[in-house]
Each structure stands twice: as C-alpha cells, then as structure tokens.
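Structure first, commentary second.
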Amino acid sequence: MINKNKPNGLNKQQDCSYLTFNVVDWIDVFIRPTYKQIIVEALNFCIESKKFTVYAWVLMTNHLHMLARAHDGSGLSMIEKEFKRVTTTKILEAIDIEPDLRRAWMLQRFENCSLSLKKLEKFQLWQSCTNPSYIDFKQVYKLQERVLYIHENPVRDGIVASPEHYIYSSASDYAGKPGMVKVNVINFEALRLSLLKNGSS
C-alpha cells in the first residue's frame, strides 16, 4: 500500500500522465456526496489493487483531473477502462436509489449519448476520449504547474477561497493534512535537489 504522505524523490526513473475524465455532455453528475464518494472509493481501490499511483487529483461537478501513473504491464488504458466501467455501474445504481429530481433527465442524456456513439451499453456516463499527457519527473516545473492547476480548479470555479479547503482533491495532502484519496505527495524541493545531485537539468 502506498504511504499517503511519503515525499517522492528520484530514486528511479519516474514519469506520470495528466488525465481528464469528462462526463458526457458535461452533465453535472458530481453534486451529491453519494456520487462523489463512489469516485473516491474507486480511486483508492485502483491505488491499492491495480498498481496505480495518484500524485494529484480533483473531482469537479462534471470531470475528474488526475496526475497518475500505472506500474504494471496493462498501463493506464486498462485501468481507465476498468475505472469507468465500475464507476458507471455504481453511479447508475446510486442514481436509481437517490431522491434526485434530475434522475430521469440524466438517464435520458446518458442513453442518448450511448445511442449516438453506437455503444452496446444502454447508458454512457463518461466521454471516451481522455488524451493523457505524459510528464517526466525531470520536468519539475511542468510537474508542479500541473499539480497547481489541478488544485486551483475549485478556486477558479468560486467554490472555495483556498485549494486545501476543497475536500474532493489532493490539495490538503500537499498542505500536510491527509485527504480522502491515498495520494503519493511529490516533494518538489527534494526532487530538484535529487536532479541536481544526479546532474540532470
């Protein structure tokens, strides 16, 4: 299991990818805590069971941003496929149970998207395209920029004044307080020192 707040040095060659999972038609699914919790639990499951490291994340009303890395041969694509499949099933079950006034409207939109994409599944919750962006750990500035961008999402949307006040992200982990997902916090200062020691630019 990954140590929740263990700083990340450059003990070996490392890389990660910046990912965005968007809900179809930008539907604001993740408003209710029940739906948000499904994402939190799915991320923790992938971390604990799928050799998957999450360095930063934020869940907004209609999308999920992550900085993450897969460690096994299946790669990110297989983890993404499984994550979307499991979360779709559980969210649809929750929508059926929750007293949500938007239930019929959301299900109709999910069904329409599935039909338009000619999917076998009746409902399509996530967009198919993720467009992962590769980042090497030697690109410290780019890495830090991505983490800050992820954490600033709720601030830009006017939800909170400070990133660490938004609980559905890893901002609190980077502020020294363990959050909801078992992230691997990147120690940028240690990373820079390690690169200098090893003669990397």
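Enumerate lysine pairs in segment 15-197 that are 8 or more residues apart or on different chains, then count those whose Cα atoms are under 20 Å apart.
Taking the Cα cut-off of 20 Å, the pair count is 24.
For the peptides 182-193, 85-96, what is the packing order when you average, over each peptide's residues, the other Cβ atoms within 10 Å and list the highest mean first?
Details: 182-193: 17.9, 85-96: 16.2.
For the peptides 182-193, 85-96, the packing ranking is 182-193, 85-96.
For segment 56-109, what is Rg from Cα atoms divided by 2.2 N^0.38 Å, rounded to two decimals?
Working: Rg = 14.3 Å, N = 54, 2.2 N^0.38 = 10.0 Å.
Segment 56-109 yields a ratio of 1.42.
Quick one: 3J(HN,Hα) in Hz for segment 127-132, Karplus 6.51/-1.76/1.60 with θ = phi - 60°, rounded, Gly and Pro as x.
3J(HN,Hα) across segment 127-132, in whole Hz: 5, 6, 7, 10, 6, x.
Considering only the other residues whose Cβ falls under 11 Å of the Cβ of C16, what net charge follows from Lys and Arg at +1 and Asp and Glu at -1? Intermediate values should be presented prior to the final figure.
Details: positive: R69, K142, R146; negative: D15, D136.
Local net charge: +1.
Summing -39500 (n - 2.57) over the DSSP H runs of n ≥ 4 in the chain and dividing by its residue number, what mean residue ellipticity at 222 nm do you reach, to the nearest 500 deg cm²/dmol?
Values: 6 runs with 85 residues, N = 201.
After summing the helix terms and dividing by residue count, I get -13500 deg cm²/dmol.
From the phi of every residue in segment 15-21, what ³J(HN,Hα) in whole Hz does the Karplus formula 6.51 cos²θ - 1.76 cosθ + 1.60 yield, where θ is phi - 60° and glycine or proline is x?
7, 7, 9, 8, 10, 9, 9
If you add up the charges near V40, with Lys and Arg at +1 and Asp and Glu at -1, over every other residue whose beta carbon is less than 12 angstrom from its beta carbon, what do you get? The partial results should precede the final answer.
Working: positive: K36, K90, K182; negative: E41.
Local net charge: +2.
Under 8 Å for C-alpha pairs, at least 6 residues apart: give me the relative contact order for the chain, rounded to a whole percent.
Working: 307 pairs, mean separation 70.0, N = 201.
Relative contact order of the chain: 35 percent.
Read-outs: derived from the displayed coordinates by stated rules, not from any lab. In this text, all values refer to a predicted model and were calculated from it rather than measured experimentally. Quick reminder, even Gly has a Cβ in these numbers, built from the backbone with ideal geometry, and neighbours come from all protein chains shown.
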